Amino acid sequence: MNFHLRIWRQADPEASGFFQEIEACDIPAEASFLEMLDIVNNRLIEEKKIPVAFDSDCREGICGTCSMVINGVPQGPGRGAACQVYMRSFKNGDSITIEPFRVKAFPIIKDLIVKRAAYDRIIQAGGFITEHTGGAPDAATTLISKKIADQAMDAAACIGCGACAAACPNSSAMLFVGAKVTHLSLMPQGQPERRERALAMVDAMDEEGFGNCSNYYACEAVCPASISASVIATLNREYVRATVIP
Amino acid sequence: MTALDAKIPPGPLEEKWRRFKENVPLIGPANKRKFNIIVVGSGLAGASTAATLAEQGYHVDCFCFHDSPRRAHSIAAQGGINASKNYQNDGDSIWRLFYDTIKGGDFRSREANVYRLAEVSQSIIDQCVSQGVPFAREYGGQLANRSFGGAQVSRTFYARGQTGQQLLLGAYSSLNHEIKNGRVTMHTNSEMLDLVVVESHAKGIIVRNLISGEITRHAADAVILATGGYSNAYYLSTNARGCNATAVWRAYKRGALFANPCFTQIHPTCIPVGGDYQAKLTLMSESLRNDGRVWVPKKKGDQRAPQNIPEEERDYYLERKYPAYGNLAPRDISSRSAKEVCDEGRGVGPGGLGVYLDFQDAIERLGKETIQERYGNLFEMYENITGENAYTRPMRIFPALHYTMGGLWVDYHLMSNLPGLFVLGEANFSDHGANRLGASALMQGLADGYFVIPYTLGAYLSSQFGKKPKTTLLEFEEAEKRVRARLNSLLEVKGSLSSTHFHRELGILLWEKCGMERSARSLQEALHEIPKLRKRFWNEVSIPGSGASLNKALEAAGRVADFLELGELMCRDALMREESCGGHFRSEYQSADGEAVRNDELFSFVQSWQYQGEESEPTLIQEPLNYEFVHPSTRNYK
């Protein structure tokens, strides 16, 4: 298959970027989107040209390293991360635009690579349960109903890729923050720090420059881990609860 | 060099770890903060180590090459984590987990290490639950367990098909807590490119910042490597693209011993190779074998669609050959059996390199809903990649490189022969012998990080007060010079082929000559070919750009250069081990019915290699394995 690529090129954070036109020829239909880019890059390298810098690692959709926007959609068409997009979902001769996540809090490092340390810092603010290695009671002492465990797992499945913020017109990180707050506030172990966690994570999110949710649901639509936007409602409730209950 | 001392504590097996803990020197709370520890890697072993040591009061510098510690490849582990909790009342115990692990490893690991692993496995589950890991639960709220590859008890804890993700996020959250507390300094996008040895102790590392290209020196009282395995030497494996052996390989070249490099594991249930564009292979969790039945057509070259092949014309070869274990036969045995039927021309799918994993019976027995509940995300993943629906048509699977049991040699303290250098998780060789059982990698990574290193580190540090060197020392300067020189020589090749080209060639070579089946002949051929390939790499590789900023081609080429050396050591090791055991199957050493023939009389030892410089062959140092408590039997899963 042949494709006409328009790829964002930007040498470093300060450089002004531009779209470069690259032809991707003779691409097997079974190849994944990133394998298509691998092929393009290997050709560039062999022509002694600078390859397109993009991030990826596990290529199974779980590590969350992918950070590209394909034809305007963060993480590309279909469910899953960009690494789960296959060329057979395009038509031969298609033009494909590839650019990095556009979020102020995720500065562009090079080409399609952005820095998402803001998400780590939000977790550092409170996305944990304080415990002490070796001091835990036997795991069987706390019963957790299957329903609660399943709901917590649904939220905990977040891969931290940042597509939610990239899709949101407000660059809101509330799906990401809501997922962690929902996961931990459902677990009995998460109760002691429930209040402080919600307050600290929301503060951190604001400090990083992410916007607020105004119910576009774009985050839910692109989330590769299928996190439900209901976690944002939970986050709002947890935040209100934390501000009214001392 | 004198014989290796594994420092195994004396006494009965059940008492060793307790006695060790009671007698090991302690570092007082006021002194811990005087020590600075380097942890390289932020997967299960690295993150759990960094978090736990920081919590105890040490200052930790943690390095990872990813943009965030949460991206380490532990995140992709699907199936589960073993623990000898016996919550199911099905006869499990520490002894059974120990025995299953040591037997599964084909009696090529240390009794004391494996027993300790089985012992601390229980605390891991407690620890993870207290962190809020959402393990699967029964309706009554109890923790759910399943049986997993090769086990006759249900001792595997899981979080859907994302156990690795949830365990890593647990460790990552603790790590983040310590970063916030200021006790861990996290260095992301940082790749270790050399180990610094001062007066024969490991005391620092040289790091390249992958964004700025800056090279920096870091000194510490001890260096802990938790950098994972080297499956990517084979190019195609289930490992993430970035997984590499650079940290352990550079440590080897500074004097750390590399143990059992030929012990590599091939996972039986991966999605088959599609074509040469392919960048990696995707694992389908082994848990699928709990309900799926493996088969191929009885007839060679049968091109019919699977649903058109009647029951009596199917060969459920694992059930036929291993009635007791059936589809749950250990990984090495399942993988080799798949290769056998494909070699016979009975493989399915493109190129005949695949076997069926069929859920029809399970769906009829349990209903589609139950199967969906158990494996929904895996079926989805399979459909996304192959475009086939596994609810109506059997999956096609084929073995792929998945895990490496070999790694840097460590003693009972998890310290290498270089004092001050500790190696944890998949990066060491210690617990899985010649074959790892399913759901045991997560267990080992977390055991090492949460429960072993916090005790054993003190034994070393108690003699190291005030010995942290300054980074202005000559040793640091020289190491930095070496790193810069190597990067420059890579950039100066200015050839015309990408490093992927050579990596793929190395992978094919290793897969064919040092893969599921090896022979003296194939290994000698590989030993002849690899140096030639390496030479071509150093003459023909193309790396556009410079080292002064982000350059993925430079990163990749540096890793391939190391794999090109490590691959040779793997073949050398495989050639020396004239027996078949676990993942190491030498075609010369098999029984009449094709089963592995182990040779305990001549090869019951750890085979460790010591680097002797570019021009010389490495020397072999053996650590005999003494079985005091179990009798090495022939593995029989029939």
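Tell me, which residue of segment A:115-135 that is modelled with pLDDT of 95 or more and farther than 30 Å from A:Arg102 by Cα is nearest to the other protein chains (Cβ to nearest Cβ)?
A:Ile129
Might you check whether a residue that is open to solvent by less than 30 Å² (accessible area, probe 1.4 Å) and at the interface with another protein chain (Cβ under 9 Å from one of its Cβ atoms) occurs anywhere in segment A:13-26?
For segment A:13-26, residues open to solvent by less than 30 Å² (accessible area, probe 1.4 Å) and at the interface with another protein chain (Cβ under 9 Å from one of its Cβ atoms): absent.
Yes or no: segment B:429-449 includes at least one residue that is farther than 30 Å from B:Val129 by Cα and either within 23 Å of the chain's Cα centre (by Cα) or touching a residue at least 24 places away in the same chain (Cβ under 8 Å) (or both).
The answer is yes, given that some residue of segment B:429-449 is farther than 30 Å from B:Val129 by Cα and either within 23 Å of the chain's Cα centre (by Cα) or touching a residue at least 24 places away in the same chain (Cβ under 8 Å) (or both).
If you check B:Gly351, B:Gly345, B:Gly376, B:Gly367, which single one turns out to be touching a Lys or Arg at 6+ places or on another chain (Cβ under 6 Å) and either modelled with pLDDT under 95 or farther than 30 Å from B:Gly594 by Cα (or both)?
Just a single option satisfies the conditions, and that option is B:Gly345.
State yes or no: is B:Ala219 touching a Cys at 6+ places or on another chain (Cβ under 9 Å) and modelled with pLDDT of 95 or more?
No, not satisfied.
State yes or no: is B:Pro272 outside the structural domain of B:Glu364 (by TED's automatic domain parsing) and part of a loop (DSSP other than H, G, I, E, B)?
no
For B:Ala247, work out the one condition from (1) at pLDDT 95 or above; (2) surrounded by fewer than 24 Cβ atoms within 10 Å (Cβ to Cβ) it doesn't fulfil.
Looking at each condition in turn, B:Ala247 falls short on (2).
Among B:Ala47, B:Ala51, which is within 10 Å of chain A (Cβ to nearest Cβ) and either crowded, with 16+ Cβ neighbours inside 10 Å or in contact (Cβ under 8 Å) with a residue 12 or more places away in the chain (or both)?
B:Ala51
Starting from segment B:599-627, take each residue that is within 14 Å of B:Asp573 (Cα to Cα) and in contact (Cβ under 8 Å) with a residue 60 or more places away in the chain and list its partners that are part of a helix (DSSP H, G or I) and of a type in the set (Lys, Arg), counting only C-beta distances under 7 angstrom and pairs at least six apart or across chains.
Between residues of segment B:599-627 that are within 14 Å of B:Asp573 (Cα to Cα) and in contact (Cβ under 8 Å) with a residue 60 or more places away in the chain and residues that are part of a helix (DSSP H, G or I) and of a type in the set (Lys, Arg), the close pairs are B:Tyr611/B:Lys253.
Counting residues that are buried (at least 24 other Cβ atoms within 10 Å of the Cβ) and touching a Gly at 6+ places or on another chain (Cβ under 8 Å), which helices (runs of 4 or more DSSP H) fully inside segment B:330-413 reach at least 1?
Where helices (runs of 4 or more DSSP H) fall fully within segment B:330-413 and carry at least 1 residues being buried (at least 24 other Cβ atoms within 10 Å of the Cβ) and touching a Gly at 6+ places or on another chain (Cβ under 8 Å), they are B:331-343, B:368-386.
Output yes when any residue across segment A:34-50 is at the interface with chain B (Cβ under 7 Å from one of its Cβ atoms), at positive phi and either buried (at least 17 other Cβ atoms within 10 Å of the Cβ) or among the polar types (S, T, N, Q) (or both), and no when none is.
Checked against the condition, which is being at the interface with chain B (Cβ under 7 Å from one of its Cβ atoms), at positive phi and either buried (at least 17 other Cβ atoms within 10 Å of the Cβ) or among the polar types (S, T, N, Q) (or both), segment A:34-50 yields no hits at all.
Looking only at segment A:54-86, filter to residues that are in contact with a strand residue (DSSP E or B) (Cβ under 7 Å, 6 or more places away or on another chain) and not in a loop (DSSP other than H, G, I, E, B); which one of those is nearest to the other protein chains (Cβ to nearest Cβ)?
The residue in question is A:Tyr86.
Being among the polar types (S, T, N, Q) and outside any helix (DSSP H, G or I) is the filter here; which residues of segment B:511-528 pass it?
B:Ser519
Can you find a residue that is open to solvent by 20 Å² or more (accessible area, probe 1.4 Å) and not in a helix (DSSP H, G or I) anywhere in segment B:104-126?
No; the residues of segment B:104-126 include none that is open to solvent by 20 Å² or more (accessible area, probe 1.4 Å) and not in a helix (DSSP H, G or I).
Is it true that some residue in segment B:582-603 is of a type outside the set (S, T, N, Q), part of a loop (DSSP other than H, G, I, E, B) and open to solvent by less than 10 Å² (accessible area, probe 1.4 Å)?
The answer is yes; a qualifying residue exists.
Regarding A:Ala152, is this residue in contact with a Pro (Cβ under 6 Å, 6 or more places away or on another chain), outside the structural domain of A:Phe18 (by TED's automatic domain parsing), small (Gly, Ala, Ser) and open to solvent by less than 10 Å² (accessible area, probe 1.4 Å)?
Yes: the conditions hold for A:Ala152.
Looking at segment A:136-154, which of its residues are touching a Leu at 6+ places or on another chain (Cβ under 9 Å), part of a helix (DSSP H, G or I) and within 7 Å of another protein chain (Cβ to nearest Cβ)?
Across segment A:136-154, the qualifying residues are A:Ala139, A:Ala140, A:Ala149, A:Ala152.
Tally up the residues in segment B:525-564 that are open to solvent by less than 20 Å² (accessible area, probe 1.4 Å), in contact (Cβ under 8 Å) with a residue 40 or more places away in the chain and touching a Lys or Arg at 6+ places or on another chain (Cβ under 7 Å), please.
Qualifying residue count for the region: 4.
Find the residue count for segment A:155-171, including only residues that are open to solvent by 10 Å² or more (accessible area, probe 1.4 Å) and either more than 14 Å from chain B (Cβ to nearest Cβ) or farther than 21 Å from A:Cys58 by Cα (or both).
Residues flagged as open to solvent by 10 Å² or more (accessible area, probe 1.4 Å) and either more than 14 Å from chain B (Cβ to nearest Cβ) or farther than 21 Å from A:Cys58 by Cα (or both) within segment A:155-171 amount to 7.
The values are calculated or read from the model by the stated rules, or taken from the named source; none is laboratory data. Just so you know, these numbers come straight off a predicted model, no measurement behind them. Heads up, the Cβs are rebuilt from the backbone with ideal geometry, glycines too, and the neighbour counts pull from every protein chain shown. Ligands, DNA and RNA are stripped out before the accessible areas are found, and what is left, the full protein with its side chains, is counted by its heavy atoms. Shrake-Rupley method; radii C 1.70, N 1.55, O 1.52, S 1.80 Å.
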